[in-house]
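**Q** Right, I'll just put the structure down here and ask away after.
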Amino acid sequence: MELNEKQREVVNYLNGPLRVIAGPGSGKTRTIIAKIEYLLKIKKVNPRKILVITFTNKAANEINERIRNLLEINNFNSVFTYHSFAFNFLKIEAENVNLSKNYFILDSQDQKAFIKKHFKDEDFITENLIDFSDLTTIFRKLRFGEEDQISNDKQFIRRIAKLFERYQNYKKEISALDFDDLIIFTRDILSSNQLIREKWKKRYDYILVDEFQDIDPYQYQILKSLTDRNSKIMIVGDPDQNIYSWRGADINLIFDFEKDYQDVKTIILNINYRSTKSILKIANNLISNNKKRVSFDNIAFNKKDQKINLITENLHRRESHHVINEIIRLNHKENVPLEKIAILYRSNYVSKEYEIELINRGINYIVVGGFRFFERKEVKETLNFLRFLILKDNHSLSLIINIPPRGIGEKTFAKLENESISKRRTIWKGLTEESISVPKKLQPFIKETSKTLKEIDNIKNIKDFSIIVKKYLNNIGFFEFYKNFAEEKIKNIEALLELIEQQFKSKLTLIDDLFEFLKSCALFSASDTKTVVNNLTLITVHAAKGLEFDAVFFVGFNENIIPSNRSINDNKIEEERRIAYVGITRAKKYLYFAYFGGYDFYMKPWRPSRFIHEFNYPFDFVNDKNKDLNQVSISSPKIFTKKGFVEDKSNLKEGDIVYHQKFGEGVVVKADDIFATVAFDKKYGIKEVLIEHHFLLKKD
């Protein structure tokens, strides 16, 4: 295996603790594998005396597979993630620590199913205070003593803590451990039981640890229990790529390594085999502004260079249009395949304009590390409120009547529905006329909604509409409700409301425009552009770590997005620089930055990120000259047809036979101007589908 001088030095050093600072694209995995080969082939070390730890199953499998292929060694089973190592440890030590041999592991899906089963009747769930995925995240924070990162609402935390206590007791009763338990049990046993600790120290002669900058204190304590101050442990990491403090990663551990180990040798791998000279120049310029780092510059191995480009537009939607035009140009003129291009962003809500543009242009894409914008829970709920403000129908009301929680469960709603049917009224009309019984806890909601509907009827300027909707959602506590969850959810709601503001042009056509907007959103949500190949990638920086692309478009490069508003307020700019640094170094050949103008949700002007100044680089400004590409599609969606069925669904009514591309043939149960409720076969059951959707056909 061909190595450079510094990589060879890493491989050959066996005198004691070794810290390797490996810059992006510096061949660290190749170096780790070469060191394993050296230990096995040259030093004739027993494979069982080597322990390799990395963070992901993907990385562990890659190292194992390359070792087996390269060295033709089938019995090398020494590569673990922290969780798989802990599982193996507990399997061996179960009898010694009073742990049932029959315990089982709850993976993330099992954990959610377990919580759903045991907590489905809890007020937190029935009142929609929290969903199951959020509950698992919060339980993890409680497990690691991170209550301050959950919420400022102490009453909320106390209630959650009681649920967590029940969760812990349930697991104990059935001898179950979740992933967090694996780490904590292993750490506790090794820390408290000297006999077991000494036994495991003798088990390994060489320990190699990858991605050390992402390690948390619990994982580090496990490593310390397996070693002495002069053990032959090698850690590989890059503090400039520490971007996971929110999940416990402690950047100080890589800097303080020499405090716990004796005569630590440090070797820096800084020859980059991935990116061009210009890409590394701005990465180096940016990260040099951080004080907490090991000072070094990345050096490009590749002598070919490419100018870095800047795209600026006065509105977010124009930015997305301009970026997609440039992607099409790269695909058509430079022959860069779509699957080798990534649209990269700091936060998920930035993807909204890009998803709309890509769907409208018929370009295949995948969203990595998150849901598509219109599939996100908080976005769907906001759209449900809009739909109710226009339709005032029973179904729309059922979706929003208990958000945020008002104590209106399924039984109460069913009672309201039965009363309204007997009075030949919609529920909303019955409530406002008081021709049906009005629950006391619903009165503030009815009052605020009635007031909002009158304001919408009397608007003088179309811009007033979005202002009224924002005020309404704020007054009914919708924003406050989501403050107990991730900031990202609030940003998604704000992004949707900004989109609404852009969509409506005339007071006279407001109702029609809103109907069309709701249809479009349903189409965006239902459109299936996930094909096996030829996909453009939309991805957050955090999800992109460890990946590389021929071309990267780092979009939404605005102040208060990167660096984020929260990081500015909390004085965490250094981590934001590291996030930008990781994103930049994903690019191999082409790199673009894009930022937009206009005004944010709070009517503050959008500005370019401060990091653009810190790049200290003479960008090429990309003008949108590709007007001939404005209507170009890389792959047009196929028109859906079915023999005996037609696209015309006008006057769709109860009893009509329809065919859906995914669900097959069905019978219309009821239909309004926008949606049809259709009974499909047993596999899919009853579904509500958008009548105008091109996936739905009517029997001729």
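Just so it is clear, none of the values below were taken in a lab; they were calculated from the coordinates. Quantities reported herein were computed from a predicted structural model and do not represent experimental measurements. All Cβ positions, glycine included, derive from the backbone under ideal geometry; neighbour counts span all protein chains shown.
**Q** Near K340, which aspartates and glutamates are there with a Cα under 13 Å away, not counting those fewer than 8 places off in the same chain?
**A** E548, D550
**Q** Treat each spin label as a single point 7 Å out from the Cα along the C-beta direction, and report the E62 to N169 distance in nm.
**A** Result: 4.5 nm between the two label points.
**Q** Could I ask something else about it? Sum -39500 (n - 2.57) across every DSSP H segment of at least 4 residues in the chain, then divide by the residue count to get the 222 nm mean residue ellipticity, nearest 500.
**A** Values: 29 runs with 308 residues, N = 700.
Dividing the helical sum by the residues of the chain leaves -13000 deg cm²/dmol.
**Q** Now a separate question. So for the chain, averaging the separation of alpha carbon pairs under 8 Å that are six or more residues apart and normalising by length, what relative contact order in percent results? Show your work: numbers first, answer last.
**A** Numbers: 1038 pairs, mean separation 112.0, N = 700.
Once normalised by length, the contact order is 16 percent.
**Q** By how many degrees, 0 to 90 and rounded to 10, does the Cα axis of helix 443-457 deviate from the longest principal axis of the chain?
**A** Approximately 70 degrees, to the nearest 10.
**Q** Oh, and also: Once Lys and Arg get +1 and Asp and Glu get -1 on their Cβ, which of A300, S288, Y354 lies farthest toward the positive end of the dipole of region 283-372?
**A** Result: S288.
**Q** How large is the Kirkwood hydrodynamic radius of region 322-390, in angstrom, based on all distinct alpha carbon pairs? Mind dumping the intermediate values first?
**A** Numbers: mean 1/r = 0.0725 Å⁻¹.
When all Cα pairs of region 322-390 are included, the Kirkwood radius is 13.8 Å.
**Q** Across bins of 10 angstrom width beginning at 0, how are the C-alpha pair distances of region 52-95 distributed, in whole percent?
**A** 30, 45, 22, 3
**Q** Still on this structure: Would you mind checking the tilt of helix 487-503 against the longest principal axis of the Cα atoms of the chain, expressed as 0 to 90 degrees and rounded to 10?
**A** Rounded to the nearest ten degrees, it is 40.
**Q** In nm, to one decimal, how far is the N623 label point from the M603 one, both placed 7 Å along Cα→Cβ?
**A** 3.5 nm
**Q** Continuing with the same structure: Roughly what angle does helix 179-192 make with the longest principal axis of the chain, taking Cα atoms, 0 to 90 degrees, to the nearest 10?
**A** 30 degrees
**Q** Further, regarding this structure: For region 257-313, rounded, prolate or oblate, judged on the Cα gyration tensor with a ≥ b ≥ c (square roots of eigenvalues), a/c < 1.5 rounded, else prolate if a/b > b/c? Don't jump to the answer; show the numbers that get you there.
**A** On the way: a/c = 4.54, a/b = 1.92, b/c = 2.36.
Note, shape of region 257-313 comes out oblate.
**Q** Oh, and also: Of all DSSP beta bridges located in the chain, what percent are antiparallel, nearest 5? Don't jump to the answer; show the numbers that get you there.
**A** Numbers: 21 of 71 bridges.
Percentage antiparallel, nearest 5: 30.
**Q** So, one more: Rounded to the nearest 0.05, what FRET efficiency do F255 and E448 give with R0 = 60 Å and r taken as the Cβ-Cβ distance? Could you check? Let's see the in-between values first.
**A** Details: r = 53 Å, r/R0 = 0.89.
E between F255 and E448, to the nearest 0.05, is 0.65.
**Q** Which values, in whole Å and largest first, are the semi-axes of the equivalent ellipsoid of the chain obtained as the square root of 5 times each eigenvalue of the Cα gyration tensor? If you can, show how the numbers build up before the last one.
**A** Values: eigenvalues 481, 221, 121 Å².
After diagonalising the Cα gyration tensor, the semi-axes are 49, 33, 25 Å.
**Q** Okay, next question. Taking amide H positions as placed 1.01 Å from N in the peptide plane, with prolines and chain starts having none, which residues 5 or more places from L269, or on another chain, fall under 5 Å of its amide H?
**A** Residues meeting the amide H criterion: I21, A22, G23.
**Q** Region 6-24 to region 436-467: how many Å between their Cα centroids?
**A** Going from one Cα centre to the other spans 66 Å.
**Q** Let me ask you something else. Restricting attention to region 247-326, which trypsin sites (Lys or Arg not before Pro) occupy a DSSP loop and are surrounded by at most 15 other Cβ atoms within 10 Å? Don't skip to the end; give the middle numbers.
**A** Details: sites: R247, K259, K265, R274, K277, K281, K291, K292, R293, K303, K304, K307, R317, R318; in loops: R274, K291, K292, R293, K303, K304, K307.
When the trypsin sites (Lys or Arg not before Pro) of region 247-326 are filtered for loop state and at most 15 Cβ neighbours within 10 Å, K291, K292, K303, K304, K307 remain.
**Q** Now for a different question. Of the chain, which part is the longest with no GluC sites (Glu not before Pro) in a loop (DSSP not H, G, I, E, B) and with at most 14 other C-beta atoms within 10 angstrom?
**A** 435-646
**Q** For region 341-480, what D do you get in µm² per second when you plug the Kirkwood radius from alpha-carbon pairs into Stokes-Einstein at 20 °C and 1.002 mPa s? Write out the running numbers ahead of the final one.
**A** Working: Rh = 17.3 Å.
Answer from the Stokes-Einstein relation: 124 µm²/s.
**Q** Taking the alpha-carbon centroid of each part, what is the distance from region 51-82 to region 550-625 in angstrom?
**A** 37 Å
**Q** Right, here's the next one. State the extension gain, in nm to one decimal, for the chain segment bounded by K687 and K471, taking 0.36 nm per residue of separation less the distance between their alpha-carbons. Intermediate values should be presented prior to the final figure.
**A** Working: separation 216, 0.36 × 216 = 77.76 nm, distance 3.27 nm.
My answer for the length gained is 74.5 nm.
**Q** For region 146-253, what does the alpha-carbon gyration tensor say about shape, rounded, prolate or oblate, given a ≥ b ≥ c as the root eigenvalues, a/c under 1.5 as rounded, and a/b over b/c as prolate? Mind dumping the intermediate values first?
**A** Numbers: a/c = 3.06, a/b = 1.41, b/c = 2.17.
In terms of gyration-tensor shape, oblate.
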